[in-house]
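The values are calculated or read from the model by the stated rules, or taken from the named source; none is laboratory data. Everything numeric here is computed off the predicted structure, so don't read it as measured data. No Cβ is skipped: glycine too gets one built from the backbone with ideal geometry, and neighbour counts run over all protein chains shown.
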Amino acid sequence: MPHLGQIFMPSVETAKGDSAGPPAWRIALSRDLDRTSEATATATARERSRSIAWSMAHLFGEPTTVPLVVATRARRSAASVGTPFADVTPDVRSPWAAAIRCAARMARVTSSATAHGPVRLTEEQVLLRDAVRELTDERIAPRAAEIDRTAEWPEDVRRLLADHDIFGIPFAEAHGGLGADLLTLCLAVEQISRACATSGLILAVQALGAIPIQVAGTPEQQDRWLPGIASGEKLVAFALTEADAGSDPSGIRTRAVRDGDEYVVDGTKRFISHGSVADYVVVFAATNPEADKASRRLSAILVETDRPGFKVTRLEHKMGIRGSPTAELAFDNLRVPVSNRLGDEGQGFAIAMQTFERSRPGIAAQAVGIAQGALEVAAAYANERQQFGKPIGDLQMVQAMLADMDAATEAARQLLYTACQEIEAGAPDGARWAAICKLVGGDTAMRVTTDAVQVLGGYGYIDEYPVERMMRDAKITQLYEGTQQIQRLIVARSLLAKHQ
């Protein structure tokens, strides 16, 4: 029998090979398609083989009267919401892709959660969460250790997410997305990060880079850029931080000088996630450095990375999320059309703050996923590891650690879900909710992963088990998209303002 290290860290050959035969979900899908064929005698063989609605209904335990047909790019009017719609092309690439598209669209239509109420996931959100979890366990988890060891960008994971429309979760159907809400996006980030924080970050950064376009872009700009981002064919990065401007964006020195119908961009950006692999970078540069208010100095400009004058000058060697490239970018007399500016001149700071309100929950979701993954490894190990003639899970001090880890992870998760609900509902203190869920999530991930290493003892300190990687990955959730100290300032100022 393999020990837990082999279970949680299968070999690369096992991860990449199919020698063990087809996966269980493919066998189940084939069996359910056969049942569909028997039950629908009047359908042609071609129609039966392309039927996803029935196979998904069986595979995921849904009633066979589910009123929808799954399609990659379904066309439907408002009058047809919740009813079968015609003239679509079913997609049979995998049950996960079908489940994800089905669940995301249904969640948008059927969700009726209101702010300040209890957070209960809809059946469709549960379906999507479970589909992403199973896809992650089967295709991403076996790659996690190798991604960390080689520190190489996992292009295969990027393609996997694109092929299953996971990138499309937060984008409108008009731009080729699934039109789901913030909570649904965070469910996906959480499940992927539970196995591989680097892979979860691929989805989180894609959403981060797109938010400025979604909140400040013109319809023409959105139509030009968002479809490629939603499909995953194009990657986008968010470039705010500089060597001397981290928590204080007023220190940004990158300049964008107007020259007719173009801006000339000069400067550098530091610690830019996916900066070396992105097709687009949303750059925050000073267009009015002498503005009376520091918040009016900046503008947001989308830069295509194939423009002359763009260069990746270094990649950072990091403690964690090692497969996610963190780049230093240089802009040398780079010319970009004024039409690439998002919003008006001087609105860059406001756009960045609006972006963080919707992106910080994604980092909280990554943190919760990391904590959950570490908790599961620690609990399984405690059941197996024998000391003093019994499993260490029978020892009360180990039980106490596991209980605290479980309680902290669940508390962070419920806070995250509530924050998503509040932000989606347009709560006036959305920035507070974004900060508080990232604050609690990041601190929880660091504490739970550290305790997981302690539960495993010496085995937790070596790479035979994944908890040491998870602990290294967890640290970044306390740093990027605003340090924990900045989150505490935001929360405290919001609290004090309420009680003036």
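Checking each residue in segment 187-237 for being of a type in the set (V, I, T), out of contact with any His (no Cβ under 9 Å at 6 or more places or on another chain) and outside any loop (DSSP other than H, G, I, E, B) picks out V189, I192, T198, I211, I213, V215.
Annotation: of all residues in segment 249-271 being at pLDDT 95 or above and among the small types (G, A, S), the one that is nearest to the chain's Cα centre (by Cα) is G267. Within the option set A245, A172, being outside the structural domain of D279 (by TED's automatic domain parsing) and touching a Gly at 6+ places or on another chain (Cβ under 7 Å) holds for one residue only, A172. Inside segment 190-246, residues that are under 30 Å from M471 (Cβ atoms) and of a type in the set (S, T, N, Q) make up a count of 6. Among the candidates F271, F238, the residue that is within 17 Å of A327 (Cα to Cα), of a type in the set (F, W, Y) and in contact with a Pro (Cβ under 9 Å, 6 or more places away or on another chain) is uniquely F238. Looking across segment 272-321, the residues that are under 22 Å from the mean Cα position of the chain (by Cα) and β-branched (V, I, T) come down to I272, V277, V281, V282, V283, I321. Sub-9 Å Cβ pairs linking a first residue in segment 481-500 that is within 26 Å of F238 (Cβ to Cβ) to a second residue that is surrounded by fewer than 13 Cβ atoms within 10 Å (Cβ to Cβ), at least 6 apart or interchain, are G482/S247; T483/S247; Q485/S247; I486/S247, ordered by first then second residue. Against the test of being in contact (Cβ under 8 Å) with a residue 40 or more places away in the chain, out of contact with any Lys or Arg (no Cβ under 9 Å at 6 or more places or on another chain) and farther than 29 Å from P428 by Cβ, the options S273, S324, S295 yield a single qualifying residue, S273.
For (1) surrounded by fewer than 24 Cβ atoms within 10 Å (Cβ to Cβ); (2) closer than 28 Å to H317 by Cβ; (3) of a type in the set (A, V, I, L, M); (4) not assigned by TED's automatic domain parsing to the domain that holds F271, each residue gets a yes or a no:
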{"position": "A435", "(1), (2), (3), (4)": "no, no, yes, yes"}
{"position": "L439", "(1), (2), (3), (4)": "no, yes, yes, yes"}
{"position": "M446", "(1), (2), (3), (4)": "yes, yes, yes, yes"}
{"position": "V453", "(1), (2), (3), (4)": "yes, yes, yes, yes"}
{"position": "Y461", "(1), (2), (3), (4)": "yes, yes, no, yes"}
{"position": "L479", "(1), (2), (3), (4)": "yes, yes, yes, yes"}
{"position": "V491", "(1), (2), (3), (4)": "yes, no, yes, yes"}
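Out of G369, G393, one residue alone is in the same structural domain as E464 (by TED's automatic domain parsing), farther than 30 Å from S295 by Cβ and in contact with a Gly (Cβ under 7 Å, 6 or more places away or on another chain). It is G369. The residues on offer are A431, A411, and the sole one that is touching a Phe, Trp or Tyr at 6+ places or on another chain (Cβ under 9 Å) and under 23 Å from V368 (Cβ atoms) is A431. Tell me yes or no: at least one residue of segment 341-358 is hydroxyl-bearing (S, T, Y), under 22 Å from the mean Cα position of the chain (by Cα) and buried (at least 21 other Cβ atoms within 10 Å of the Cβ). Yes, segment 341-358 contains a residue that is hydroxyl-bearing (S, T, Y), under 22 Å from the mean Cα position of the chain (by Cα) and buried (at least 21 other Cβ atoms within 10 Å of the Cβ).
Just to confirm my filter: which helices (runs of 4 or more DSSP H) fall fully inside segment 390-500 and include at least 2 residues that are in contact with an Asp or Glu (Cβ under 9 Å, 6 or more places away or on another chain) and among the acidic types (D, E)?
Qualifying helices (runs of 4 or more DSSP H): 396-424.
Considering only residues that are surrounded by fewer than 24 Cβ atoms within 10 Å (Cβ to Cβ) and assigned to a loop (DSSP other than H, G, I, E, B), which ones fall in segment 175-186? G176, G177, G179, D181 - these are the residues of segment 175-186 that are surrounded by fewer than 24 Cβ atoms within 10 Å (Cβ to Cβ) and assigned to a loop (DSSP other than H, G, I, E, B).
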